[in-house]
Amino acid sequence: MLKDNIAVVAFNGISPLHLSVPCAVFGEDRRGAGVPQFKVVVCGVERGTLATSAGFSLTGLHGLGELEKAGIIIVPSWHDPNELPPQHLLRALRKAAERGATLVGLCLGSYVLAAAGLLDGRRATTHWAWADDLASRYPSIHVDRDVLYVDEGKIITSAGGAAGIDCCLHILRNIHGAEVASRVARHLVVPPHRQGGQAQYIEQPLQSTATVDRFAQALEWVQQNLDQPHSLDALAARVFMSRRTFTRRFRQATGATVGKWLLNQRLALAQRLLETTGKPVDQIAQQAGFGSEVSLRLHFNKILKISPARYRKEFRGG
């Protein structure tokens with residue numbers, strides 16, 4: 001199928017980490033584990049040998065003509081946001097978009113899709129450190145700096161580094177289903193569906209004060225006591241803040257509301273318990289703070305699109 005033909009764009013000075021992400025998710029032969037095989041080709045923007053940022057070189061790459069045969073084209077990064085990608089690459093990407101291919105920009109690869117005009121009027125994301133710059137350079141793009149990836153149908157973008165894995169697993173899940181994506185995630189030893197956004201990784205320089213220390217200690221305490229109820233007022237009182245000040249401080253630190261952060265923490269704990277223990281689902285629901293198995297199932301189905309029992313079975317390869 002055309003959608004199983006994937007072209008990955010490499011360029012001079014590419015980071016091996018960024019290049020390896022789509023190759024690791026789509027390029028390995030895992031048919032023995034029940035994962036359908038993709039045809040993955042790596043195409044060089046420039047002809048001949050390409051240097052990497054790690055000091056070694058890449059040879060034997062395909063040309064950009066392979067983009068005409070691909071159902072999915074992935075630009076895993078870009079070496080310099082201040083440098084406009086070459087016109088022959090931008091033309092090839094526009095042509096691919098016109099014929100209906102899916103275009104993916106991982107990390108700074110979003111800049112390449114933006115330069116091709118493919119993100120105009122769309123939501124997109126990129127590495128948090130460059131999100132404001134992307135929005136400034138391309139004001140027609142609705143840049144969301146707080147998410148791991150944005151799926152706009154035929155145009156998909158991701159945040160930096162490891163978020164590319166989340167994005168590629170999302171694409172795999174859309175094509176072949178949650179079970180296949182979970183099998184690949186297990187091989188990579190990563191969560192099949194990571195919670196939260198990149199806001200939690202954005203540098204937030206803070207003065208070392210007693211208030212900050214109390215705040216950090218309060219969050220750590222909540223994480224260790226997720227089985228208990230936690231109201232906004234009670235948490236604010238715990239750090240001697242007003243409700244309004246605590247809410248503002250909490251969003252600055254986590255990039256989320258208290259309710260959303262709590263839900264993500266509880267989901268993450270439930271996932272870990274399902275993956276690593278044989279505890280009954282109703283007991284896990286209590287320990288993670290959902291109160292009941294019904295509530296846990298509802299949140300799993302709504303957010304992860306899978307039941308707790310099915311999640312445990314797929315993660316363990318059952």
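The residues of the chain have, on average, 47 Å² of accessible surface per residue, using a 1.4 Å probe with all protein chains present. Summarising the amide proton neighbourhood of residue 152: residues at separation of 5 or more, or on other chains, whose placed amide H is nearer than 5 Å comprise 157. Measuring r between the beta carbons of residue 12 and residue 240 and using R0 = 51 Å, the FRET efficiency lands at 0.40. Over what distance in Å are the Cα centres of segment 114-165 and segment 271-318 separated? If we compute the Cα centre of each part, the gap is 32 Å. If a paramagnetic tag sat 7 Å from the Cα of residue 260 along the Cα-Cβ line, which residues of segment 155-172 would have the backbone N under 16 Å from that point? Inside the label zone: 159.
Projecting label points 7 angstrom from Cα along Cα→Cβ for residue 23 and residue 133 puts them 2.5 nm apart. In loop segments of segment 71-117 as defined by DSSP, the trypsin sites (Lys or Arg not before Pro) with at most 10 further C-beta atoms inside 10 Å of their C-beta are 99. Projecting the Cα atoms of 171, 7, 276 onto the charge dipole of the chain, computed from C-beta unit charges around the Cα centre, puts 276 farthest toward the positive end. Cα-Cα over 25 Å: which of 69/154; 69/302; 69/313? Too far apart for the 25 Å limit: 69/302; 69/313.
Placing unit charges on the Cβ atoms of the charged side chains and taking the dipole of the chain about its Cα centre, the candidate lying farthest along the positive direction among 64, 124, 246 is 246.
Report the full-extension gain for the segment residue 53 to residue 84: residue separation times 0.36 nm, less the Cα-Cα distance, to one decimal in nm.
This chain segment gains 9.3 nm when fully extended.
Restricting segment 53-112 to chymotrypsin sites (Phe, Trp or Tyr not before Pro) that sit in a DSSP loop and have at most 13 other Cβ atoms within 10 Å of their own Cβ leaves 56. The HN-Hα couplings worked out from phi for segment 108-119 by the Karplus form 6.51 cos²θ - 1.76 cosθ + 1.60 (θ = phi - 60°) are 6, x, 4, 5, 5, 5, 5, 5, 7, x, 7, 9 Hz, whole numbers, x standing for Gly and Pro. Other residues whose C-beta falls under 14 angstrom from the C-beta of residue 13 contribute a net charge of -3, scoring Lys and Arg +1 and Asp and Glu -1. Could you compute the FRET efficiency for residue 276 and residue 142, with r as their C-beta to C-beta distance and R0 at 35 Å, rounded to 0.05? For R0 = 35 Å, the calculated efficiency reads 0.35.
If the chain between residue 286 and residue 39 were fully stretched, how many nm would it gain, using 0.36 nm times the residue separation less the Cα-Cα distance?
84.5 nm
In order along segment 32-46, the phi-based Karplus estimate (6.51 cos²θ - 1.76 cosθ + 1.60, θ = phi - 60°) of 3J(HN,Hα) comes to x, 9, x, 9, x, 8, 9, 9, 10, 10, 9, 10, x, 5, 9 Hz; Gly and Pro are listed as x. The GluC sites (Glu not before Pro) of segment 1-86 that meet both conditions, a loop assignment by DSSP and at most 16 other Cβ atoms within 10 Å of the site Cβ, are 28, 46, 83.
Ordered from highest to lowest accessible area with the whole protein assembly present and a 1.4 Å probe, 311, 149 read as 149, 311. Summarising the amide proton neighbourhood of residue 138: residues at separation of 5 or more, or on other chains, whose placed amide H is nearer than 5 Å comprise an empty set.
Per-residue surface analysis assigns residue 107 an accessible area of about 10 Å², computed on protein heavy atoms at 1.4 Å probe radius. Summarising the amide proton neighbourhood of residue 8: residues at separation of 5 or more, or on other chains, whose placed amide H is nearer than 5 Å comprise 41, 42, 43, 74.
The values are calculated or read from the model by the stated rules, or taken from the named source; none is laboratory data. Bear in mind the structure is a predicted one, so any value in this text is a computation, not a measurement. All Cβ positions, glycine included, derive from the backbone under ideal geometry; neighbour counts span all protein chains shown. What goes into the accessible areas is simple: the full protein's heavy atoms, side chains included, and nothing from ligands, DNA or RNA. Shrake-Rupley method; radii C 1.70, N 1.55, O 1.52, S 1.80 Å.
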